[in-house]
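Structure, as structure tokens:
The values are calculated or read from the model by the stated rules, or taken from the named source; none is laboratory data. Just so it is clear, the structure is predicted and the values come from calculations on it, not from any experiment. Positions of Cβ are backbone-derived with ideal geometry, glycine not excepted, and every protein chain shown enters the neighbour counts. Side chains included, ligands, DNA and RNA excluded: accessible areas come from the protein's heavy atoms. Shrake-Rupley method; radii C 1.70, N 1.55, O 1.52, S 1.80 Å.
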Amino acid sequence: MKKESVLKSYELAKEQYAAFGVDVESALKKLQDIAISIQCWQADDVSGFENLDNLGGGGIQATGNYPGKARNIEELRSDIEKVLSLVAGKHRLSLHAIYGDFGKKIVDRNEVEPVHFKSWIQWAKQANIKLDFNSTSFGHPKSGDLTLANPDKKIREFWVEHTKRCRTISEEMGKAQEDPCMMNLWIHDGSKDLTVNRYKYRQILEKSLDDIFATDYKNMKDCIEAKLFGIALESYTVGSYDFYLGYGAKKQKIVTLDTGHFHLTESIPDKISSLLLFTPEIMLHVSRPIRWDSDHVVILNDDIADLAKEIIRADALKRTHIGLDFFDASINRIGAYAIGIRSTQKALLQALLEPIEQLRDYEAKGQYFERLALLEEAKTLPWNAVWDYFLLKNNLPLGEAYITEIQKYEKEVTAKRK
Ligand code: RNT
Ligand code: ZN
């Protein structure tokens, strides 16, 4: 793609959008400022860098064995830096507790401390990126079927301690970056087969959360992530959407909507406007479920386009934190990141370019044919010309040229990891 053609197409697109009352430049400015919280775990298939025997407990699994996954902190940082060099905008990195800089030390989950994330905080500052955080209750001998909802006091307390420590780590991150660190709490707790104790486990989880959240912090924000079911825990999930929605509304915590954690025909976009009325903010885990919570790479499909539109229509950008959550181990991992981030940005751009005023005007007047017609027309307005210009303005490879960049990094870096 030639620079001149991009500029020419952009000018024409701008004109076309102006005819619908859409200010393209202001849309681009907004897009430039939307930070996406990039999940660190796509780089290494959710393995982390603990020196513990990880084989003890499940809860999560990546599938595929494409060569070149990051094997240590240095490689992960280098991969993330590469990803950031291929996308426009200033973004964030979401770390899990198992990604601490533990050196050769054995640090159990109930021993994690801010010091284990000191080098991450330093790196982040220098990479000009902000950090978000997650407690990790999966992949540990004490994970089992129940962690924070475990009737066994010792196990429950172990995970309460872990999660409390994660909040202090998040607080340190937030303080250092002078911007709140979003801490996400997700646990897999549930039951493979019928349980006759649905109430009991939820009561225990509520108690654990109350313990965990007893201390107030200024530089971190708590997010609680619901799920429909997990593999091997198909019959019951303690932390269901009802559970966290209730807890979030009651205690003013942020509910995390993972787009892979609902019935496949359930509309996640429709939840945005309700959550914003009853909970302080929203955290998103943008993912792509195929038949189930498969965590495929995010692509520009209707689900994500509709989600982005709801955020913009509800004027919710300031209260919505957009995080990604996919981990595909079957393709080039840097490529997976690039596709996922770019597709999310494309969805947001489309949403920002919607001729919303005209649409609302039609709706107010009861002109529903006109509303539907314009919604259809808007789909094929030249948003892609605006996208190309966005890349050009950010000095990024145009169109599909980023593929070559990733192939080069693969040849020079990731393919050499054996
Ligand atoms: C799992 C949840 C959770 C994880 C990450 C690694 O189903 O989506 O958010 O993917 O914490
Ligand atoms: Zn998630």
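Which of the residues that make up the range 211-228 are open to solvent by 60 Å² or more (accessible area, probe 1.4 Å) and without any contact (Cβ under 8 Å) to a residue 60 or more places away in the chain?
A214, T215, D216, Y217, K218
Can you tell me which of S5, S119, S47, S78 is open to solvent by 10 Å² or more (accessible area, probe 1.4 Å), small (G, A, S) and within 17 Å of Y389 (Cα to Cα)? Please lay out each step first, then the result.
On the way: S119 fails: within 17 Å of Y389 (Cα to Cα); S47 fails: within 17 Å of Y389 (Cα to Cα); S78 fails: within 17 Å of Y389 (Cα to Cα).
The unique qualifying residue is S5.
Just checking, does the range 351-369 include any residue being surrounded by 13 or more Cβ atoms within 10 Å (Cβ to Cβ), modelled with pLDDT of 95 or more and within 19 Å of the chain's Cα centre (by Cα)?
Let us first name the residues in the range 351-369 that are surrounded by 13 or more Cβ atoms within 10 Å (Cβ to Cβ), namely 351-356, 358-359, 361-362, 367.
Narrowing the set further to residues that are modelled with pLDDT of 95 or more leaves 351-356, 358-359, 361-362, 367.
Still in the running and within 19 Å of the chain's Cα centre (by Cα): 351.
Checked against the condition, which is being surrounded by 13 or more Cβ atoms within 10 Å (Cβ to Cβ), modelled with pLDDT of 95 or more and within 19 Å of the chain's Cα centre (by Cα), the range 351-369 yields at least one hit.
Could you tell me whether G260 is in contact with a strand residue (DSSP E or B) (Cβ under 6 Å, 6 or more places away or on another chain) and either closer than 26 Å to I169 by Cβ or within 16 Å of ligand 2 (Cβ to nearest atom) (or both)? Steps first, please.
Numbers: in contact with a strand residue (DSSP E or B) (Cβ under 6 Å, 6 or more places away or on another chain): yes; either closer than 26 Å to I169 by Cβ or within 16 Å of ligand 2 (Cβ to nearest atom) (or both): yes.
Considered against the rule, which asks whether it is in contact with a strand residue (DSSP E or B) (Cβ under 6 Å, 6 or more places away or on another chain) and either closer than 26 Å to I169 by Cβ or within 16 Å of ligand 2 (Cβ to nearest atom) (or both), G260 comes out as yes.
For the range 19-44, which positions are surrounded by fewer than 20 Cβ atoms within 10 Å (Cβ to Cβ) and touching an Asp or Glu at 6+ places or on another chain (Cβ under 7 Å)?
Hit for the range 19-44 is G21, nothing else.
Looking at (1) surrounded by fewer than 23 Cβ atoms within 10 Å (Cβ to Cβ); (2) within 25 Å of A13 (Cα to Cα); (3) in contact (Cβ under 8 Å) with a residue 60 or more places away in the chain, which is the one condition that is false for G335?
Here G335 clears every test but (2).
Show the residue pairs meeting these rules: Cβ distance below 7 Å; 6+ apart or different chains; first residue within the range 33-53 and over 19 Å from M183 (Cα atoms); second residue at pLDDT below 95 and within 11 Å of ligand 1 (Cβ to nearest atom).
D45/A62
Out of all the residues in the range 276-290, which are within 16 Å of ligand 2 (Cβ to nearest atom) and buried (at least 20 other Cβ atoms within 10 Å of the Cβ)?
Within the range 276-290, I282, M283, L284, H285, V286, S287, R288 meet the criteria.
Just give me the residues in the range 5-32 being among the charged types (D, E, K, R) and touching a Lys or Arg at 6+ places or on another chain (Cβ under 8 Å), in sequence order.
Within the range 5-32, E25 is the sole residue that qualifies.
Looking at (1) over 21 Å from I322 (Cβ atoms); (2) of a type outside the set (A, V, I, L, M); (3) at pLDDT 95 or above, which is the only condition G89 fails?
Every condition holds for G89 apart from (1).
Return the residues of the range 152-200 that are basic (K, R) and either farther than 12 Å from F133 by Cβ or without any contact (Cβ under 8 Å) to a residue 12 or more places away in the chain (or both); say none if nothing qualifies. Full working, then the answer.
From the range 152-200, those basic (K, R) are 153-154, 156, 164-165, 167, 175, 192, 198, 200; that's our starting set.
K153, K154, R156, K164, K175, K192, R198, K200, listed by residue number.
Can you name the residue in the range 124-165 that is open to solvent by less than 50 Å² (accessible area, probe 1.4 Å) and among the charged types (D, E, K, R) and is also farthest from ligand 2 (Cβ to nearest atom) among such residues?
Looking only at the range 124-165, we keep the residues that are open to solvent by less than 50 Å² (accessible area, probe 1.4 Å), and these are 124, 127, 129, 131-140, 143-144, 146-150, 155-156, 158-160, 162-163.
Restricting the remaining residues to those that are among the charged types (D, E, K, R) gives 132, 156.
On the way: D132: 12, R156: 22 Å.
Across the range 124-165, the extreme among qualifying residues is R156.
Condition first: more than 13 Å from ligand 1 (Cβ to nearest atom) and either among the aromatic types (F, W, Y) or surrounded by fewer than 21 Cβ atoms within 10 Å (Cβ to Cβ) (or both). Now tell me which residues in the range 254-266 satisfy that.
If the condition is that a residue be more than 13 Å from ligand 1 (Cβ to nearest atom) and either among the aromatic types (F, W, Y) or surrounded by fewer than 21 Cβ atoms within 10 Å (Cβ to Cβ) (or both), then H263, L264, T265, E266 are the ones that fit.
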